[in-house]
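The values are calculated or read from the model by the stated rules, or taken from the named source; none is laboratory data. Predicted model only: the values in this text are computed from it and were never measured. Every residue, glycine as well, gets a Cβ built from its backbone with ideal geometry; the counts of neighbours run over all protein chains shown. For the accessible areas, the whole protein counts, side chains as well, though only heavy atoms, and no ligand, DNA or RNA atoms are used. Shrake-Rupley method; radii C 1.70, N 1.55, O 1.52, S 1.80 Å.
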Amino acid sequence: MKFGVYFYPWYHQKKWDEAPVPYRPLKGLYDSRDPEILTWQMDLIRWCGFDYVLIEFVPLKDWNFEHCAMCIQEALSCLHNRNMKWAFMVDAGVIPSSGSRIHDIEAMIRYIENRRWADALARGKSGKPLWFAFSALPHEAACLERDFNAYEWRFPVWVPHWDKADEQLALPAFRDFVAEARANNVTVFDSLVRRHYIAFWQSSHTPRNFDGFCSVIPGYSDSLLKRDPQLAPEVDRQNGVTLTRQFQAAVKTQPDHILVYSWNEYFEGTSIEPTLEYDMTYAQIIRGLIGEARQQQNECETQTHLGDSNAE
């Protein structure tokens, strides 16, 4: 079992000014390029017990791209020095009128490869280097798995109701999964999993295992972003109860990867990074949860080994 955490490299004053974030970082409204901040963050992430950092990667034409690239370069140096792995989540943003973002996604991948940032990626179930592409449309996902088949691809997406084969409950861009589900008499969930889609986050206290990947959150609220429509439900943190219940339920599904959303996504209220409001509470909670999961895993492996030895 491996543990990853989503990380966002885009912060500086202009970004912080986009919306009044609900929680303020313990280190203040920092600049993600600051080497001292990055060292502090990566040391804490390692202390928490994470195996790898899942880094958000914005399009090359994004107004914040250069800032993010500078942060990533420094962050990867920190991770490399700590013998930690990483992965990227390429996020091409809003779907254009043409209905495809594949050229933007491919440009992002080539940029990462050319910078040699893909040389120490975490490994997926297949043993291949692991990549994520956020909410890739079905034809985009198919292109990535065909043209970049040296990697294992997973496609995080949020869908209101994973189990209902009903186009009123599935996002419009994914209605072909509804059609596929109906044709094969399976759920939308099964249809998505077959094509390597995973949950970006889940609101339930019993998160689903998506072919070895299970996602957990400490809480969620995107109301300050004033999205139209406001589809996602608000998930109360309950002073750490939500994170604890989701994580422990995820462990019981015996996934290969547990992904925590997120280290520092303040605009959707999912951060576990130390803040003025919570201090080290969530970092300590996740450290304890990962430690318990590893201990359980070690005990199971020891019992299996003893059983095999006795059989011999």
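Dipole magnitude for segment 20-158: about 340 debye, using +1 per Lys or Arg Cβ and -1 per Asp or Glu Cβ, origin at the Cα centre.
Each other residue within a Cβ distance under 13 Å of G127 adds +1 if Lys or Arg and -1 if Asp or Glu, for a net charge of +2. Protection proxy ranking for 220-226, 107-113, 258-264, using the average of other Cβ atoms within 10 Å per residue and placing the highest first: 258-264, 107-113, 220-226.
Taking only protein heavy atoms into account and a 1.4 Å probe, give the accessible area per residue of the chain in Å². Walk me through the numbers on the way to the answer.
Details: 14310 Å² over 312 residues.
Ligands and nucleic acids excluded, the result is 46 Å² per residue.
Contact order, relative form, for the chain: 20 percent (alpha carbon pairs under 8 Å, 6 or more residues apart, mean separation divided by residue count).
What does the C-alpha gyration tensor say about the overall shape of segment 169-248? Classify as rounded when a/c is under 1.5, otherwise prolate if a/b is larger than b/c, or oblate. Please report the intermediate quantities before stating the final value.
On the way: a/c = 3.04, a/b = 1.44, b/c = 2.11.
It is oblate, given that a/c is not under 1.5 and a/b is not larger than b/c.
Entry note, the chain: the mean residue ellipticity at 222 nm calculated from DSSP H runs of n ≥ 4, each adding -39500 (n - 2.57), is -12000 deg cm²/dmol after division by the residues and rounding to the nearest 500.
In the chain, taking the dipole from charged Cβ atoms about the Cα centre, the farthest positive-side position among L44, A250, I105 is held by I105. Each peptide in 49-57, 199-207 receives the mean, over its residues, of other Cβ atoms within 10 Å, and ordering these scores from highest gives 49-57, 199-207. Think of the chain as a dipole: +1 on every Lys or Arg Cβ, -1 on every Asp or Glu Cβ, centred on the Cα centre; then among L29, P172, I272, P172 lies furthest on the positive end.
When the chain is treated as a GNM with alpha-carbon contacts under 10 Å, the residue of C78, C214, C300 showing the greatest mean-square fluctuation is C300. At 37 °C and a viscosity of 0.692 mPa s, what translational diffusion coefficient does Stokes-Einstein give for the chain, taking Rh as the Kirkwood radius over Cα pairs? Give it in µm²/s as a whole number. So the translational diffusion coefficient is about 162 µm²/s. When the chain is treated as a GNM with alpha-carbon contacts under 10 Å, the residue of D62, D236, D91 showing the greatest mean-square fluctuation is D62. Whole angstrom only: what separates the Cα centroid of segment 257-299 from the Cα centroid of segment 10-31? Rounded to whole Å, the Cα centres lie 20 Å apart.
Suppose every Lys and Arg Cβ carries +1 and every Asp and Glu Cβ carries -1, with no other charges. What dipole size does the chain come out with about its Cα centre, to the nearest 20 debye? It would help to have the intermediate numbers written out before the result.
On the way: 32 positive and 42 negative charges, 34 e Å.
Dipole size: approximately 160 debye.
For segment 1-66, what is the relative contact order in percent, using Cα pairs closer than 8 Å and at least 6 residues apart in sequence?
Details: 50 pairs, mean separation 33.5, N = 66.
With pairs under 8 Å counted, the relative contact order is 51 percent.
Summing Cβ point charges (Lys, Arg +1; Asp, Glu -1) relative to the Cα centre of segment 149-305 gives a dipole of roughly 220 debye.
When you restrict to C-alpha pairs under 8 Å that are six or more residues apart and normalise by the size of segment 133-205, the relative contact order lands at 31 percent.
Tell me, what is the FRET efficiency for L231 and R110 to the nearest 0.05, using R0 = 30 angstrom and their Cβ-Cβ distance as r? Walk me through the numbers on the way to the answer.
Values: r = 33 Å, r/R0 = 1.09.
Efficiency, rounded to the nearest 0.05: 0.40.
Ignoring ligands, DNA and RNA, what percent of the accessible area of the chain is carbon or sulfur (1.4 Å)?
47 percent
The modelled label-to-label distance between T302 and D211, using points 7 Å beyond Cα along the C-beta direction, is 3.6 nm.
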